[in-house]
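Each reported figure results from applying straightforward, stated rules to the coordinates on display, with no laboratory input. Small disclaimer: the values here were computed from a predicted structure and weren't measured. So basically every Cβ, Gly included, is an ideal-geometry build from the backbone, and we count neighbours across all protein chains shown.
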Amino acid sequence: MDDTRDMDDPQETMSEAAFLAQLRAAFSQMPNDIPIYMFVSRARDDVFAQTNRQIVRIFRELTSKITFREYPLDHDLARKWNVTHSPTLLIAPDRYAIRWLGAPMGEEGRIFLETMMMVGMGKSHLNAESKNVLQKIDSPRAVKIFVSPTCPYCPQQALNGIQAAIERPDLISLEIVDIQANPGLADQYSAHSVPQTFANEVLIGMGAQSQELFCASLKKLEPQSVFIPEVDAELVENDVVIVGGGPAGLTAGIYAVRSGLKTAIIERDALGGQVATTPIVENYTGFSQVGGKNLVDIMVSHALQYTQIFQGEAVLDITPGNPMVVQTSRRKFHTRAVLLATGASHKHLGIPGEARFAGKGVSYCSTCDGPLFVGKNVIMVGGGNSAVTEALHLHHMGVKVTLVHRRDALRAQDVLVGHLKSAGIPILWNTEVKEILGKKSVEAALLINNQTGETTTLPVKGVFLAIGYQPAVDLAKKIGVELTAEGYIRHDRHRTNVPGVYSAGDVEGGYKQIVTASGQGAESAMAIFEDLINPYWQTRKEI
Ligand code: NAP
């Protein structure tokens, strides 16, 4: 999604009442009615059906354009529209083929609101390049996107599907499948990680895609990793372009704008970086306990009071110079400085079965995929803060988790180890995973005790991996930024060896805490401000 709200007055925050008034005004301008139908089987009038009624009731208070009708699953209309799962929501079924199997809970609530607004307007709000790709589709596409309420990546992918279905109602139909409400369907598709997208029964996307990549994958019916725009990109003039929307990038954005610098943050995936998928954070000052995604939402709202954020947009290239040119998948930025706050991506074990079962029982995100494993046996591999935090999260949601660690002591902080012990989560010490076994999805893990050499086959449905992160330095390398021996960006008070290019956060190595990343973002923005007044590369030769 391209979220480009720009607020001139940093003091101005929108109260809830003002926000609702704005929504009412927006709905009143819409030319189209928004009929919503829910189909529920009498046997399954459950929490999902009740949630749907509540959500629709809240939105109906905003406008009379939304109408709501409820029918049993054996009703003629269910047959007419081929509805087979309970509950199913249909949105304007005479105009579009958009349905929710389950309920738009948690992260999906915002997307449900956006859907109604797009349906009310009759506009997809896709950019020109994406529309161009979709116009070339000449045969039907039946899209299924598997999501979970706690997955921070899912809304972006769900939105892609909705926009496509609104843009080409003649050929594109969409089912958003909530895995919590439909575990059987997720099993049938072996969709054990979210978001996962199928079109005409073919897997076209694992994880969230930019809208252009989604459209291209949908057209070609295979996952695409690169999108080359056909038309000349829009040009945006800036003082600072920040690559990465985690705590470092978001904080840098606030500080840069407060210093008077015109700033843009560009984030390819979900905002918040690793924090967005951290179940609970207990060591960010001011919050004794806060959900990672909640903390991200607070940070993003704060940053949006100052700076533009371009989400779902990948930086493809940076050309140093005066101005520097940052080419993204959608546009071109001219800028005086670039801040690399690209963070880190999770490490892989590199064992047989890991890649084959990715999304089919192998997971790197317990907040996203945990709900599918409730009541099932899984292992969590790793001994650091992430592995312990995520094992606790799985345990608390009812997943039968065992921690597997290669040594006889955990690296995680004492307080987390204390929580782990109190929860009674079993730990297999001195144990490594040699292979992940199964047919269509994970069925077992082959373990070896590295002290005794003894091997065991442990039947599990899921293998969660939290074995650390590696810095995301592809862009840095491409433009000649020097790295340390450990592969992090080499810097001197956030200044890299390339004039005008700065770094902050986990990509620099160091302590890798949310609070330190935020601090590095602030320092980096201040360094940029100082240098744009008095360029260091004109007074110093080396760092
Ligand atoms: P980490 O601290 O680097 O720990 C990685 C763990 O995975 C270690 O226990 C390591 O074992 C194990 N490991 C690495 N490679 C492995 C392999 N090939 N096979 C088996 N095990 C392997 O990573 P993290 O837990 O993701 O944390 C990353 C950073 O974020 C850290 O600085 C951490 O403090 C921070 N973080 C903080 C919080 C918090 O404060 N609440 C939460 C999450 C993360 P060894 O111990 O044997 O090396």
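Given only helices, namely DSSP H runs of n ≥ 4 each adding -39500 (n - 2.57), what is the per-residue ellipticity at 222 nm of the chain, to the nearest 500 deg cm²/dmol?
-9000 deg cm²/dmol
For the range 192-270, applying the loop criterion from DSSP together with a ceiling of 12 other beta carbons within 10 Å to the GluC sites (Glu not before Pro) yields 201, 230.
What shape does the chain take by its C-alpha gyration tensor, where a ≥ b ≥ c are the square roots of the eigenvalues and a/c under 1.5 counts as rounded, a/b above b/c as prolate, and the rest as oblate?
Taking the square roots of the gyration eigenvalues as a ≥ b ≥ c, the chain is oblate.
With the charge dipole of the chain set up from +1 on Lys and Arg Cβ and -1 on Asp and Glu Cβ about the Cα centre, the Cα lying farthest toward the positive end among the listed residues 349, 82, 507 is that of 82. Cβ crowding within 10 Å ranks 173, 503 as 173, 503, fewest other Cβ atoms first.
Can you list the GluC sites (Glu not before Pro) in the range 372-455 that are in a DSSP coil and have 11 or fewer other beta carbons within 10 angstrom? Don't skip to the end; give the middle numbers.
Numbers: sites: 390, 432, 435, 443, 454; in loops: 454.
Answer by residue number: 454.
Looking at the chain alone, DSSP beta bridges between its own residues are antiparallel in about 45 percent of cases.
Tell me, what is the Rg over Rh of the range 27-220, with Rh the Kirkwood radius over Cα pairs?
Numbers: Rg = 15.5 Å, Rh = 16.6 Å.
Rg/Rh for the range 27-220 comes to 0.94.
Considering only 236, 66, 494, and ranking their Cα positions along the charge dipole of the chain that arises from unit charges at the beta-carbon of Lys, Arg, Asp and Glu, the one farthest toward the positive end is 66.
Mind listing which trypsin sites (Lys or Arg not before Pro) in the range 70-136 are in a DSSP loop and have 16 or fewer other Cβ atoms within 10 Å?
Numbers: sites: 79, 80, 95, 99, 110, 123, 131, 136; in loops: 95, 123, 136.
Hits after loop and neighbour filter: 95, 123, 136.
Are any of the pairs 347/421; 123/332; 131/512; 65/220; 144/293; 262/512 more than 30 Å apart by Cα-Cα distance, and if so, which? In this structure, 131/512; 65/220 lie more than 30 Å apart at Cα. DSSP beta bridges confined to the range 362-467 are antiparallel in about 50 percent of cases. Of the residues 260, 246, 278, the one whose Cα sits farthest toward the positive end of the charge dipole of the range 186-283, with +1 on the Cβ of Lys and Arg and -1 on the Cβ of Asp and Glu, is 260.
Let me make sure I get this right: for the range 362-467, a, b and c are the square roots of the gyration tensor eigenvalues over alpha carbons, sorted descending. Under 1.5 in a/c it's rounded, otherwise prolate if a/b > b/c, else oblate. Which is it? Don't skip to the end; give the middle numbers.
On the way: a/c = 1.88, a/b = 1.07, b/c = 1.75.
Taking the square roots of the gyration eigenvalues as a ≥ b ≥ c, the range 362-467 is oblate.
Multiplying each eigenvalue of the alpha-carbon gyration tensor of the range 410-543 by 5 and taking the square root yields semi-axes of 44, 18, 13 Å, largest first, rounded to whole angstroms. Amide H contacts of residue 342: 504, 507, each under 5 Å away and 5 or more positions distant or on a separate chain (H built 1.01 Å from N in the peptide plane; Pro and chain starts excluded).
Its Cα gyration tensor gives the range 492-533 an equivalent ellipsoid, and the semi-axes of that ellipsoid, as √(5λ) in whole Å with the largest first, are 19, 11, 6.
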